[in-house]
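Undergrad: Once you've had a glance at the structure underneath, I'll fire off some questions.
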Amino acid sequence: MLYHIFYPLSGLFTPFNVFQYITFRAGGAVLTSLLICMIAGPYVIKKLTNLKIKQTVRTDGPSTHKSKNGTPTMGGILILVSIIISALLWARLDNRFILWLLAGTLWLGAIGFLDDYLKLSKKDPNGLSAKGKLFWQTIFAASVAAYLSFFPSNSEYFTLVNIPFLKSFFVNFSFFYFVFVMVVIVGSSNAVNLTDGLDGLAIGCIVIAAFTLALFAYFAGHFQISNYLKIVPVQGAGEITVFLFAVVGAGLGFLWFNSHPAEVFMGDTGSLFLGGVLGMTAVFIKQELILVLLGGVFVMEALSVLIQVSVYKRTKKRVFRMAPLHHHYEMLGLAETKVTIRFWIVGIILAILSFASLKLR
């Protein structure tokens, strides 16, 4: 919005020219969303507490989690609002990727909100059925895939998927690419949702991943840089940087209140759309498989659940003491904060490896 207001006036007042720069607006976005979260956080937490919107903790979880019962949840509303306001202010609203990211934030945020609401109204930690969540996530992911079928990010590379660390090596998914896009978005959304089980764990990993993807988006949208790094150029992708910096700012602001011991949980209201945003970004900038590396923590968490469920159904035995993976380490005796920080460290290492993939080819 600010771009559309002030940049056209740069001919009259030269300093307004700064609004054309993605880096300037990305800086404004991160600070805006951070300040909104920091300032509105105490009010939102108090309001959630007064409305008795509180977490119901799993009875079969680690005993140390019993003290979390009654902690305000649905704090994802704070993250969502901060990101939306910041993006509306600082991003170019004539950019198609920004419009899709805003739509995805609202759609997946609504699914998460409904899930959290059902958990509270029924006093049941299961909330919306897994099939119900998957259905509505798939509907949105299919709409993104359909849109890209007609208006691809880069028509030359539409169905091609780059293999990280291999120079100019692509696999052609052909007509399966439509399904692949859906898997990336839905899988990312649910993987982040499964990771959200310890104070600060999911949001910390989100900040790391969002910051890294923001730079990838900037590189993809810059012709000279994308050509130098030999990555797929995507016209308009640089604007995604502004949106993801809004995510980073909101994430840091929320972490202020979500760090151990957490004053508020994000709930599915936050985790579903945050994961979806990462998945959509990876698809838009044609870095689908880098998300598997960068989001390795989320992948491990999701795989631990899939392995646990599939093995238990066949053998009635558990591979992990408890799934998702972070609970397994807790059950082994590691403190919650130690598990969280170690997962953050893994996330940072994976981000470094993701950047390294641009040159190690």
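Undergrad: Can residue 96 be described as surrounded by fewer than 20 Cβ atoms within 10 Å (Cβ to Cβ), in contact (Cβ under 8 Å) with a residue 40 or more places away in the chain and charged (D, E, K, R)?
TA: Criteria met by residue 96.
Undergrad: Just wondering, is there one or more residues in region 153-164 that are open to solvent by less than 20 Å² (accessible area, probe 1.4 Å) and part of a helix (DSSP H, G or I)?
TA: no
Undergrad: Kindly establish whether residue 276 is part of a helix (DSSP H, G or I), in contact with a Gly (Cβ under 7 Å, 6 or more places away or on another chain) and either free of Cβ contacts under 8 Å to residues at least 24 places away in the same chain or within 24 Å of residue 299 (Cβ to Cβ) (or both).
TA: yes
Undergrad: Of 293, 303, which residue is open to solvent by 10 Å² or more (accessible area, probe 1.4 Å), touching a Pro at 6+ places or on another chain (Cβ under 7 Å) and over 21 Å from residue 89 (Cβ atoms)?
TA: Every option except 293 fails the conditions.
Undergrad: Please note which helices (runs of 4 or more DSSP H) are completely contained in region 1-116 and include at least 3 residues that are within 30 Å of residue 130 (Cα to Cα) and under 24 Å from the mean Cα position of the chain (by Cα).
TA: 22-50, 76-90
Undergrad: If I go through region 111-133 residue by residue, how many of them are modelled with pLDDT of 85 or more and surrounded by fewer than 16 Cβ atoms within 10 Å (Cβ to Cβ)?
TA: Matching residues across region 111-133 total 4.
Undergrad: Working only within region 322-338, note down all residues that are of a type in the set (D, E, K, R) and in contact (Cβ under 8 Å) with a residue 12 or more places away in the chain.
TA: Of everything in region 322-338, those that are of a type in the set (D, E, K, R) and in contact (Cβ under 8 Å) with a residue 12 or more places away in the chain turn out to be 330, 336.
Undergrad: Also, quick follow-up: Which of the residues that make up region 9-60 are open to solvent by 80 Å² or more (accessible area, probe 1.4 Å) and either closer than 25 Å to residue 217 by Cα or in contact with a Pro (Cβ under 7 Å, 6 or more places away or on another chain) (or both)?
TA: 21, 23, 24, 31, 35, 58, listed by residue number.
Undergrad: Any idea which of 297, 339, 264 is more than 23 Å from residue 220 (Cα to Cα), modelled with pLDDT of 95 or more and assigned to a loop (DSSP other than H, G, I, E, B)?
TA: 264
Undergrad: Looking for something free of Cβ contacts under 8 Å to residues at least 60 places away in the same chain and closer than 29 Å to residue 161 by Cα - is there at least one such residue anywhere in region 280-293?
TA: Yes: region 280-293 contains one or more residues that are free of Cβ contacts under 8 Å to residues at least 60 places away in the same chain and closer than 29 Å to residue 161 by Cα.
Undergrad: Filter region 202-238 down to the residues that are farther than 18 Å from residue 352 by Cα, open to solvent by 10 Å² or more (accessible area, probe 1.4 Å), in a helix (DSSP H, G or I) and touching a residue at least 12 places away in the same chain (Cβ under 8 Å) and list them by number.
TA: 221
The values are calculated or read from the model by the stated rules, or taken from the named source; none is laboratory data. This structure is a prediction, so every number in the text was calculated from the model and none was measured. Neighbour counts are summed over all protein chains in view; Cβ atoms, including those assigned to glycine, are modelled from backbone coordinates with ideal geometry. The protein model used for the area step is the full one, side chains on, heavy atoms only, and it has no ligands, DNA or RNA in it. Shrake-Rupley method; radii C 1.70, N 1.55, O 1.52, S 1.80 Å.
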